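Q: Shown below is the structure under consideration.
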Amino acid sequence: MVLVLQLALAVVLLTAWQFLSPALDMVFFISTPQAIAESFIGLARSGSLLFHAGITTLEAGLGFLLGGGAGMFAGVLLGRNKLLSDVLQPFLTAFYSLPKAALGPLFILWFGIGLNMKILLAATIVFFIVFLNTFRGVREVSPEQIAILRLMNAKERHLLTKVILPSAIVWVFAGLRLSVPYALIGAIVGEIIASNRGLGYLLSYSASRFDTAGTFAALGAIVILALILNKILDISERRLMPWRVSDAGREIVV
Amino acid sequence: MSAIIVFQDVGKAFANGVQAVSGINLAVEEGDFITVVGPSGCGKSTILNMTAGLFQPSAGQVLYRGQPVTGINSRTGYMTQVDHLLPWRTVAGNIAVPLEIAGRGKKEIAGEVERLLALVGLVGFGASYPTQLSGGMRKRAALARLLAYDPETLLMDEPFGALDAQMRLTLQIQLKKLCRSLGKTVFFVTHDIDEAVALGDKCVVFTSRPGTIQQVITSSLPSERDLMTLRFNPAYAEECAQLWRILAPALEAQNSPQEA
Ligand SMILES: Nc1ncnc2c1ncn2[C@@H]1O[C@H](COP(=O)(O)OP(=O)(O)O)[C@@H](O)[C@H]1O
Ligand SMILES: [Mg+2]
């Protein structure tokens, strides 16, 4: 039922766009769905869409893994070490408040205009989101829970593997989910400021040639990429947290 | 019989200045089932925490088998109102936690878990997740996990507080039976006077904060008692009434509107 309504809404919106755009003389600015589809298919046929999407996926994906991994590690480390987190806290806050995309030009100086620069830009953004979530997750573990395990003679390594990591993983995934679009932002901003490859390049190249349809086609490709990344995350989330599925299957009772 | 836990002039003031308990002198004999009652906030949980070594007293000392408790006392096991089962583990997985920590083999753990499930009446529920169980079943699972590492003393902090009356009675019967057959020493905090009388060989009554021991009542009921029919026993009714009379002034003060 919902799906039918959603499809109906999509059809209405696309039809309105298709007819109102020329009627209001807006084709230059918002193109038409048909022209966009044609441009999209043209890009796909020539293989250039796949090429550019592949580059962006590589950058965003590696940045995501790198930043996510480092974020989790730092989150657990600081979450379990009060002194360290107290000492580092002001520095982290200062760095966190910086819009990471503003680091782009600096990263070009440091790492050149190749893939590395985009990967690291994406990783830097993802790092903070995942770090903060992991940190929060580690800190949220109930002290009673930890006390009960200590009475069972648990060492730090048992606490980590049996309680802290599994209970933080919900938070970690929330952070990872939040990071997907940011990983793409990192990669795409990097491509826009310095590149001749990737969807960000395709986007700015099409726009600079006043090719609105091509620009929209590139945006569409970015959306599809984000959806695919989210889906992958969904699947791994279900794999890693089977108990959540059992939660979802439970009926709400008061 | 020898004293397993001894409180010597124990006081606890927290860092924020709250004096939770003071001047506690108490000896718990091995194999005793001791209940603790008192107005809320009088430091009942505090004395259990000190017995477990989760923090130190600020005055006096707590001796466990003659040694001062200076750190985590892993000869004790804790059970609280919240069961603290790990939601990402099945019931069997939760019961296995202490066995895994002890470094036991997979086969051995599986066998031990089956035995414990049978012991607490959860056969067939090993593969369920805690969220799929009722409150009473979760308590049983927590009890099985507690028994898995076989602590000689059980510290129980209002463990059955959130259960309905029938479930509570069932679990009380089971706990009492298990502790007798396994020879456990039990330190059982409750705010329920009937429960304190029904379960305890001795009942320690606390004053309001700063908590001190007002009285230790030795039960006239036999250690082996039928909890099912206890409510028809005049001696039980008399002891409940006596405990009510002792606690009434403190409870009244707690309910009075002048309280700060
Ligand atoms: N960690 C703590 N820090 C500061 N005050 C505490 C702490 N734990 C308990 N208290 C205070 O000590 C008093 C006794 O607490 P508690 O032992 O939990 O009481 P009870 O279990 O009898 O209700 C309460 O007033 C409580 O607020
Ligand atoms: Mg308490």
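Any read-out appearing in this document is the output of simple, stated calculations on the displayed coordinates, not a laboratory observation. Just so we're clear, the structure is a prediction, and the values are computed from it rather than from any experiment. Backbone-built Cβ (ideal geometry, glycine too); neighbour counts: all protein chains shown.
Q: Could you work out the relative contact order of region B:85-150? I mean the mean sequence separation of Cα pairs under 8 Å and 6+ apart, divided by the number of residues, in percent.
A: For region B:85-150, the relative contact order is 50 percent.
Q: Something else about it: Calculate how many DSSP beta bridges within chain B are antiparallel, expressed in % of all such bridges and rounded to the nearest 5.
A: Beta bridges within chain B, antiparallel portion: roughly 50 percent.
Q: Oh, and also: Quick check: from the Cα gyration tensor, does region B:41-107 come out rounded (a/c under 1.5), prolate or oblate?
A: It comes out oblate by the Cα gyration axes.
Q: At 222 nm, what helix-only mean residue ellipticity would chain A give, in deg cm²/dmol to the nearest 500, using -39500 (n - 2.57) for each DSSP H run of four or more?
A: -27000 deg cm²/dmol
Q: What size of dipole, in debye to the nearest 20, comes out for the protein assembly as shown about its Cα centre when the only charges are +1 on Lys and Arg C-beta atoms and -1 on Asp and Glu C-beta atoms?
A: 1120 debye
Q: Within the protein assembly as shown, what percent of beta bridges assigned by DSSP are antiparallel, to the nearest 5?
A: 50 percent
Q: Given +1 on the Cβ of Lys and Arg, -1 on the Cβ of Asp and Glu, and no further charges, what dipole in debye does chain A carry about its Cα centre, rounded to the nearest 20?
A: It works out to roughly 820 debye.
Q: Sticking with this one: Note the angle between two axes, namely the Cα long axis of helix A:115-140 and the longest principal axis of the Cα atoms of chain A, as a number of degrees from 0 to 90, rounded to the nearest 10.
A: Between the helix axis and the principal axis of chain A, the angle is about 40 degrees.
Q: First obtain the Kirkwood hydrodynamic radius of region B:85-150 from its Cα pairs, then insert it into the Stokes-Einstein equation at 4 °C and 1.567 mPa s, and state the resulting D in µm² per second as a whole number.
A: Translational diffusion coefficient: 114 µm²/s.
Q: Across peptide B:7-13, what mean number of C-beta atoms from other chains lies inside 10 Å of a residue's C-beta?
A: Mean partner shielding for this stretch: 0.
Q: I've got another one for you. Evaluate the Kirkwood expression for the hydrodynamic radius of the protein assembly as shown, namely the inverse of the mean inverse distance over all pairs of different C-alpha atoms, and round to one decimal in Å.
A: Computed over the protein assembly as shown, the radius equals 27.7 Å.
Q: Just to verify a number: FRET efficiency for B:F14 and B:A253, C-beta to C-beta distance, R0 = 22 Å, to 0.05?
A: The pair B:F14/B:A253 has a calculated efficiency of 0.50.
Q: Suppose R0 equals 45 Å. What FRET efficiency, 1/(1 + (r/R0)^6) with r the Cβ-Cβ distance, do A:V11 and A:V87 give to the nearest 0.05?
A: Result of the calculation: an efficiency of 0.20.
Q: I want the local charge near B:Y236. Using Cβ-Cβ distances under 11 Å, sum +1 for each Lys or Arg and -1 for each Asp or Glu among the other residues.
A: Local net charge: -2.
Q: Taking all pairs of distinct Cα atoms, average 1/r, flip it, and tell me the Kirkwood hydrodynamic radius of region A:43-246 in Å to one decimal place.
A: Every distinct Cα pair counted, the radius reaches 18.4 Å.
Q: Using a Gaussian network model on chain A with a 10 Å cutoff between Cα atoms, which of A:A101, A:A44, A:A147 fluctuates the most?
A: In the Gaussian network model the winner is A:A147.
Q: Further, regarding this structure: When only C-alpha pairs under 8 Å and at least 6 residues apart count, what is the relative contact order of region A:43-246, in percent?
A: 28 percent
Q: Can you tell me the relative contact order of region B:110-260? Whole percent, Cα pairs under 8 Å, sequence separation 6 or more.
A: Taking the mean separation of contacting Cα pairs over the length of region B:110-260, I get 16 percent.
Q: While we're here: Using the beta-carbon distance between A:D211 and A:D25 and R0 = 25 Å, what value does 1/(1 + (r/R0)^6) give for FRET efficiency, to the nearest 0.05?
A: 0.85
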